Amino acid sequence: MNENSKQIVVVGGGPGGLETASMLARMGFDVEIIEKEDVIGGHLNQYYQLFPNFRDAGELTQELKERAAHPKIKISTGESLLDLTRNDGKFEILTSKRRKINPDAVVMATGFDPFEAERKEEFGYGVYPNVITSIELEKMFREQGKVTTVDGRIPERVGIVHCVGSRDEKVGNFYCSRICCICGVKQAIEIRKHHPETRVTNFYMDMRMSGQYFEELYRQSQERWGVYYVRGRISEAAMTVDGKIRVKAEDTLIAKPVTLSVDLLVLMVGIEASNSTKEFSKRLEIESDYGFFRSRDRHSEDQESPVDGLFLAGTAKGPASIKETLADARATAGKVWEYFQNN
Ligand code: SF4
């Protein structure tokens, strides 16, 4: 292992932060991860299986945590960033535990928050108990190994709604969250695998299968697993007296209205900048669209921020899959190493 006297703070202990820190430690840097939650792993802790190969998410979380259990990495959980400034080439960090740290470089891996589904009132999330989010479905699979309605029944019919909080002028998010189409396909297959008697219908605007093996999985979901797809946005969801959810949409392929009663409605919530991402991108005046961080250049310097010595990793810059986040984190570590060749 190389020895290196530089100290680096990584803000955020999700997959992007953990992987950046692991790589930096292996390059010989002293690294401190500051994570606001009491545990590291971020949203990955809640996931069940990962697309497109149904790998157990817990296994990957464990692998990332083991890699981060490195003698050159200090992990500080339950501590958040209160202030971050850079004066005369030095960073000064103040944490919620009133600690002052002066690292030589900082990596912002402050991640994302899922879109708050209550903001789309027409779907009745938070009002109808059988309307849940895609994150809650992941947790359900993970914790109980099956999908149930609020009264514990296996649903006969499940509806999955795409683009909740993304590509939506009304909530101010014009962008595509990029991963929820494939996540909708994955979750539909998982439901069919666990409960072959349950019918699943996905309501989508366009199917965006841009990753490797995504298109194949989409095809498999129809041919092998019998998942139905309706091209159309749901205009309304309402609970009926028997506790089902009646959804209305327009099937835009046949230009006809569709009404469907489902036992469970799953909302594929999009990716938004986390509160820390929004707060610090604004304070440091390196805010991109929608509160994400702006990199120096989207092609050749995407891991560097416009502030010298301040680097960016993963979904702090915008929607990305786990695979993309990990690859980006490794690239970020490489850019930090390159920075210290000249500083
Ligand atoms: S990935 Fe699919 S579901 Fe997600 S915002 Fe884009 S089009 Fe909508």
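For the stretch 228-285, which positions are among the acidic types (Asp, Glu), in a strand (DSSP E or B) and out of contact with any Lys or Arg (no Cβ under 8 Å at 6 or more places or on another chain)?
272
Residue count for the stretch 181-209, restricted to those that are within 16 Å of the ligand (Cβ to nearest atom) and part of a loop (DSSP other than H, G, I, E, B): 5. Among the residues making up the stretch 286-301, those that are away from the ligand (no atom under 16 Å from the Cβ) and either outside any loop (DSSP other than H, G, I, E, B) or in the same structural domain as residue 166 (by TED's automatic domain parsing) (or both) are 287, 291, 293, 297, 301.
The strands (runs of 3 or more DSSP E) found wholly in the stretch 33-108 and carrying at least 1 residues that are without any contact (Cβ under 8 Å) to a residue 24 or more places away in the chain and not aromatic (Phe, Trp, Tyr) occupy 81-87, 90-95.
Pick from 269, 241: which is among the β-branched types (Val, Ile, Thr) and either outside the structural domain of residue 172 (by TED's automatic domain parsing) or at pLDDT 95 or above (or both)?
On the way: 241 fails: either outside the structural domain of residue 172 (by TED's automatic domain parsing) or at pLDDT 95 or above (or both).
Result of the check over 269, 241: 269.
Evaluating residue 306 against the criteria (1) assigned to a helix (DSSP H, G or I); (2) surrounded by fewer than 16 Cβ atoms within 10 Å (Cβ to Cβ) leaves one unmet condition, (1).
What are the residues in the stretch 113-148 that are crowded, with 22+ Cβ neighbours inside 10 Å, touching an Asp or Glu at 6+ places or on another chain (Cβ under 6 Å) and in a strand (DSSP E or B), if any? Selection gives nothing.
In the stretch 150-180, the qualifying residues are those that are surrounded by fewer than 19 Cβ atoms within 10 Å (Cβ to Cβ) and not charged (D, E, K, R), and the one that is nearest to the ligand (Cβ to nearest atom) is 176.
Looking at 36, 90, 65, which is the one that is more than 22 Å from the chain's Cα centre (by Cα) and surrounded by fewer than 21 Cβ atoms within 10 Å (Cβ to Cβ)?
Numbers: 36 fails: more than 22 Å from the chain's Cα centre (by Cα); 65 fails: more than 22 Å from the chain's Cα centre (by Cα).
Among 36, 90, 65, only 90 is more than 22 Å from the chain's Cα centre (by Cα) and surrounded by fewer than 21 Cβ atoms within 10 Å (Cβ to Cβ).
Within the stretch 149-160, residues that are in a loop (DSSP other than H, G, I, E, B) have Cβ atoms under 8 Å from residues that are of a type in the set (Ser, Thr, Tyr) in these pairs: 154/148; 154/198; 155/148; 155/149; 155/198; 156/198, counting only partners at least 6 apart in sequence or on another chain.
Against the list (1) modelled with pLDDT of 95 or more; (2) over 24 Å from the mean Cα position of the chain (by Cα); (3) assigned to a strand (DSSP E or B), the condition residue 225 fails is (3).
The values are calculated or read from the model by the stated rules, or taken from the named source; none is laboratory data. All of these numbers come straight from a predicted model, not from anything done at the bench. Methodologically, a virtual Cβ is constructed for each residue, glycine included, from the backbone with ideal geometry; neighbour enumeration extends over all protein chains shown.
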